[in-house]
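The values are calculated or read from the model by the stated rules, or taken from the named source; none is laboratory data. Treat the numbers as computed from the prediction; the structure is a model and nothing was measured. Heads up, the Cβs are rebuilt from the backbone with ideal geometry, glycines too, and the neighbour counts pull from every protein chain shown.
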Amino acid sequence: MIYNNELTKTARSLRQRQTPAEKIFWQQVKNRQTGYKVIRQKPLRYYVGKKLRYFIADFYCQELNLVIELDGKIHQYQQEYDEARDCIINQMNLRVIRIENETILNNSAEVIKKLFPPSLCRLPELPSPDLERGRG
């Protein structure tokens with residue numbers, strides 16, 4: 001139980017200390033603005049042998065099986081670490097998309113359109129006209 005409490009505290013702390021790019025991205029995807037629920041600072045748990053490990057993804061969309069990582073300059077120096085994380089995420093049957101912070105800061109609307117194109121956004125289902133009239 002302590003493990004979960006620490007993990008929750010870490011995720012909450014990261015939510016409070018967002019980068020400028022994360023703040024911009026979050027403002028455009030929160031509250032299903034894209035048609036999909038996006039969660040920020042989502043803990044992802046996995047096992048190495050019998051040992052439980054975790055890392056925290058920047059953004060996560062369960063409906064699209066998608067992890068979105070916003071990468072700053074530090075990621076230029078930790079490419080092997082990022083590749084290992086991507087491999088683990090892929091083994092969880094999730095896709096990973098990495099976006100540089102500068103891309104979000106310069107053109108976030110275009111990024112959002114590419115990640116969540118309008119044709120993918122789900123529309124509410126309408127009843128069949130035949131069912132409305134009592135036909136089967």
Mind checking whether some residue in segment 73-89 is at pLDDT below 85, in contact with a Phe, Trp or Tyr (Cβ under 9 Å, 6 or more places away or on another chain), hydrophobic (A, V, I, L, M, F, W, C) and assigned to a helix (DSSP H, G or I)? no
Of 101, 65, the only residue that is under 15 Å from residue 26 (Cα atoms) and modelled with pLDDT of 90 or more is 101
### Query
Out of all the residues in segment 43-63, is one or more of a type in the set (A, V, I, L, M, F, W, C), surrounded by 15 or more Cβ atoms within 10 Å (Cβ to Cβ) and not in a strand (DSSP E or B)?
no
Over segment 9-23, the set of residues hydroxyl-bearing (Ser, Thr, Tyr) and at pLDDT 80 or above is 19
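Which one of these is among the β-branched types (Val, Ile, Thr) and under 12 Å from the mean Cα position of the chain (by Cα): 97, 88?
Checking each option against the conditions leaves just 97.
So is residue 15 buried (at least 16 other Cβ atoms within 10 Å of the Cβ), in contact with a strand residue (DSSP E or B) (Cβ under 7 Å, 6 or more places away or on another chain) and of a type in the set (Lys, Arg) or not?
Values: buried (at least 16 other Cβ atoms within 10 Å of the Cβ): no; in contact with a strand residue (DSSP E or B) (Cβ under 7 Å, 6 or more places away or on another chain): yes; of a type in the set (Lys, Arg): yes.
So residue 15 fails the test.
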